[in-house]
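This report concerns only the one structure given below.
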Amino acid sequence: MSAMLPAQALVTNRDTEASEVQSDSGTWAAAVASPSFRRLMTTKARLVWPLLGASLAFVVAMTLLAGYDRPFMAIKVVGAFNVGYLMILMTYLLCWLVAVIYVLVANKQFEVQSRQAIADLKIGSPR
Amino acid sequence: MIGLTVGIFLLILSLTLAITYWAAKRTNTASEFYAAGGSLSAKENGFALAGDWMSAAAFLGFSGLVALYGMDGSLYAVAALVGFLVVLMLIAEPMRNTGRFTLGDVIAERMQSRHARLAAVVGTIVVNLAYMVPQMAGAGALIKLMLGISYDASIVLVGIGMIVYVLFGGMIATTWVQIVKAVLLLAAAIVLVVMLLAAVSFHPLTLFSSVEQTYGSKMLMPGNYLKHPLDALSLFMSFIFGVAGLPHIMTRFYTVPDARTARKSVLWLMFLAGGFFLVTTLIGFAAATFVGQPAILAADKGGNLALPLLAQYLGGGAGTLGGQVFLAAICAIAFAAILAVVAGLTLASSGAIAHDLYVNVIRKGRVSEHDQVRVAKIATLAVGAIAVGFGLLAQGINVGVLVILAIAVAASANFPIIFLSLFWRRFNTAGVIGGIAVGLVSSVVLALLGPAFLQGKAIFPIVNPTILSMPLGFLGALLGTWIGGRNPAHEARFDAFSFKAHSGMVVNKEQ
């Protein structure tokens, strides 16, 4: 972590961190309303909900088919390998793909935007 | 034969003890004891997480389920991977940013209330004990089989092992024991898969056809194990939301320096453990093909010895030297797997008792650094002794219901309070207590009324209670919040919590 940023000034020991900022809830309300923090939260939401929603939707569909349409799961694809196993294999690939996308995008954007939000908090706080 | 097995057992044991000795010298502060000083790399924590998640239940259980029930076993294995999507994207980073050692830390940071922390302690202890007892019972059965010593002596042996690791080496020893175990386990899996693929001339689809020919097309269909139409969905819900509520998994995110490392360590876990779960289908089908279901059932009714029996077959068969070496190695690794997992569970439980209950609830945080470590060690001894006691009682009892219970309570009691603490402004202490109480009671009652406990006479038809108990847990949390009433000062504090949770502002906990 870049120790040069002004934000580091706020990084204190958690135990002693009953800091001035914390007692002043107005500052925190301003902090979460700040454009930089809003941008971080929007970035997170835009990344997480589509990825998580799509993958969980696929998985739920698979489990419902496994419960309610077992003949469909038994339709052969290649040799004895059937639709059910194809969906299971796709679930592995989907989990890995989604996780890689999340980590790549998060690594690229979250830290930069977090540091900006913390830096803005430092500048914006009335201390 | 016994000599060889004992030799491999002792080799692995002495390796882990050497790690513990090395780790003990690096374990002085409470942070080092509970969280390895927050200094692990993504790769280290990823391997340790994979070790935590590839328990004996996964290692032996999934391949056994595939060998006996076909597709349902494969569904079980992939469910264990899917669960980490929620951990990765919703829970790991904010948890790491707002807690120090335990789940209780996050809840207390959010609620600023000792009652809320206490509720988290209850959730932690129940889940950990329900998780630990089947592991201990499994280890007892395994050692009894391999070394011929009694079940009771085996349990005590496991108890001593896990207490020694945690007592002297804390999180550093627990982590490295877990890493060693993960490497051994993955190496064994790679050897096994290469050999079984060689046995079918590297045409894995041959295994699917041979299973179909021998046992009928039903093996390649769902419904042999997950009988009720909603069983599969409820099982997946247990994993999807339960993993995020397992305290010994969550604790691992405190061992890394920042959110970025936490995130990358989950990715390591998903490829390491996920790859292993994927090949359990091949291992199970190979066991069904080469060893045969009758022999697997004869060795263990639950199919838990399918993988060791396959290893014996691929090594050259029973009675040959290669077969014995393979069998002994696999059993020793399974034993190491159990030992490592129960050590992690012991550590997470002693954190809940020493750090949450004693230091923060009873003494209100006024405990010196030295005393914190001392209390943590006393708690470790107590947790270890209790676990051994339950392990001894568990002999001959159907522990299957406990396995279901652990993950169902995690999904129904712990997950709702974590999720709502992180994301809902109005969520309050009464909500935490309501969520834990309703989630806990509903999952226990429904599991006891279900097929795992009552077999054919089940009142609740679905094996995993999560499909009903998790919504009930959320309902309890909402009701509690409503009863607790609104508190503008408390709701205003959510801003600070939310900012820290998502920006990771207090990044360097030890500076």
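Just so it is clear, none of the values below were taken in a lab; they were calculated from the coordinates. Fair warning: this is a prediction, and the values are worked out from it, not measured in the lab. Neighbour counts are summed over all protein chains in view; Cβ atoms, including those assigned to glycine, are modelled from backbone coordinates with ideal geometry.
When you count, for each residue, the other Cβ atoms within 10 Å and take the mean per peptide, how do B:334-341, B:352-359, B:487-494 rank with the highest first?
The peptides rank, most packed first, as B:334-341, B:352-359, B:487-494.
How big is the Cα convex hull of region B:1-78 in projection, averaged over all directions, in nm²?
Answer in nm², one decimal: 7.8.
Taking beta carbons within 10 Å but only from partner chains, what does the mean come to for residues A:73-82?
5
Taking +1 at the Cβ of each Lys and Arg and -1 at the Cβ of each Asp and Glu, which of B:Gly140, B:Phe497, B:Ile19 sits farthest along the dipole of chain B towards its positive end, judged by Cα position relative to the Cα centre?
Selected residue: B:Phe497.
Rounded, prolate or oblate: which fits region B:214-283 when a ≥ b ≥ c are the square roots of the eigenvalues of the alpha-carbon gyration tensor, with rounded for a/c under 1.5 and prolate only if a/b beats b/c?
Note, shape of region B:214-283 comes out oblate.
Charges at C-beta only: +1 for Lys and Arg, -1 for Asp and Glu. How large is the resulting dipole of the protein assembly as shown about its Cα centre, in Debye rounded to 20?
About 840 debye.
Counting only pairs 8 or more residues apart or on different chains, how many lysine pairs in chain B have their Cα atoms under 23 Å apart?
Here the count comes out as 22.
Report the charge-dipole magnitude of region B:322-448 in Debye, nearest 20, computed about the Cα centre from +1 at each Lys and Arg Cβ and -1 at each Asp and Glu Cβ.
380 debye
Given contacts defined as C-alpha pairs under 8 Å and at least six residues apart, what's the relative contact order of chain B, whole-number percent?
29 percent
For region B:371-511, calculate the relative contact order in percent as a whole number, restricting contacts to Cα pairs under 8 Å that are 6 or more residues apart.
Contact order relative to length: 27 percent.
So how do B:452-463, B:297-308 stack up, highest first, on mean other-Cβ count within 10 Å?
B:297-308, B:452-463
Please report, to two decimal places, log10 I(q)/I(0) for region B:20-160 at q = 0.14 Å⁻¹ as given by the Debye formula with identical point scatterers on the Cα atoms and no solvent.
-0.99
Enumerate the residues in region B:117-143 having an amide nitrogen under 16 Å from the point lying 7 Å beyond the Cα of B:Leu448 toward its Cβ.
Taking a point 7 Å out along Cα→Cβ of B:Leu448, the residues of region B:117-143 whose backbone N falls under 16 Å are B:126-127, B:130.
How big is chain B in terms of Cα radius of gyration and Dmax, in angstroms?
My reading of the Cα-based Rg and Dmax gives 22.3, 73 Å.
Answer with one residue from B:Gly323, B:Asn428, B:Thr206: the one whose Cα lies farthest towards the positive end of the charge dipole of chain B, charges on Cβ with Lys, Arg +1 and Asp, Glu -1.
With unit charges placed on the Cβ atoms, the residue in question is B:Asn428.
How large, in Å, is region B:366-511 by the Kirkwood hydrodynamic radius built from its alpha-carbon pairs?
That comes to 18.0 Å for region B:366-511.
Given B:Leu88, A:Leu121, B:Leu468, which one lies farthest toward the positive end of the charge dipole of the protein assembly as shown, if we put +1 on the Cβ of every Lys and Arg and -1 on the Cβ of every Asp and Glu?
Sorting the options by dipole projection puts first A:Leu121.
Between B:Ser14 and B:Leu381, what FRET efficiency follows from the Cβ-Cβ distance if R0 is 22 Å, with the result rounded to 0.05?
Result of the calculation: an efficiency of 0.45.
Taking each residue in A:99-107, count the Cβ atoms of any other chain within 10 Å of its Cβ, then average. What number comes out?
5
List the trypsin sites (Lys or Arg not before Pro) in region B:1-51 that DSSP assigns to loop (not H, G, I, E or B) and whose Cβ has at most 10 other Cβ atoms within 10 Å. Which are they?
Filter output for region B:1-51: B:Lys25.
Would you pull out the residues with amide H under 5 Å of A:Asn82's amide H, same chain only if 5 or more places away, H placed 1.01 Å from N?
Those qualifying (amide H under 5 Å, at least 5 residues apart or on another chain) are A:Val77.
In Å, what Rg and Dmax follow from the Cα atoms of the protein assembly as shown?
Cα radius of gyration and Dmax of the protein assembly as shown are 24.1, 79 Å respectively.
Once you charge only the Cβ atoms, +1 for Lys and Arg and -1 for Asp and Glu, what is the size of the charge dipole of region A:19-115 about its Cα centre, to the nearest 20 debye?
Dipole magnitude for region A:19-115 comes out near 280 debye.
Could you tell me which helices of chain B pass both thresholds, a Cα extent of 20 Å or more along their own axis and a mean Kyte-Doolittle hydropathy of at least 1.6, with helices taken as whole DSSP H runs?
Result, helices passing both filters: B:2-24, B:71-86, B:151-199, B:321-350, B:429-449.
Scan region B:146-180 for chymotrypsin sites (Phe, Trp or Tyr not before Pro) in coil per DSSP, keeping those whose Cβ has at most 12 other Cβ atoms within 10 Å, and list them by number.
Sparse-neighbourhood loop chymotrypsin sites (Phe, Trp or Tyr not before Pro): none present.
Mind checking the full-extension length gain between B:Asp371 and B:Trp482? Use 0.36 nm per residue of separation minus the Cα-Cα distance, one decimal, nm.
Gain in length upon complete extension: 36.0 nm.
Sorting check: for B:68-76, B:155-163, which peptide has the highest mean count of neighbouring beta carbons within 10 Å, and how do the rest follow?
B:68-76, B:155-163
Using a 10 Å cut-off on Cβ to Cβ distances, tally the other chain neighbours for every residue of A:37-44 and report the average as a whole number.
If you average over the peptide's residues, the count of other-chain Cβ atoms is 2.
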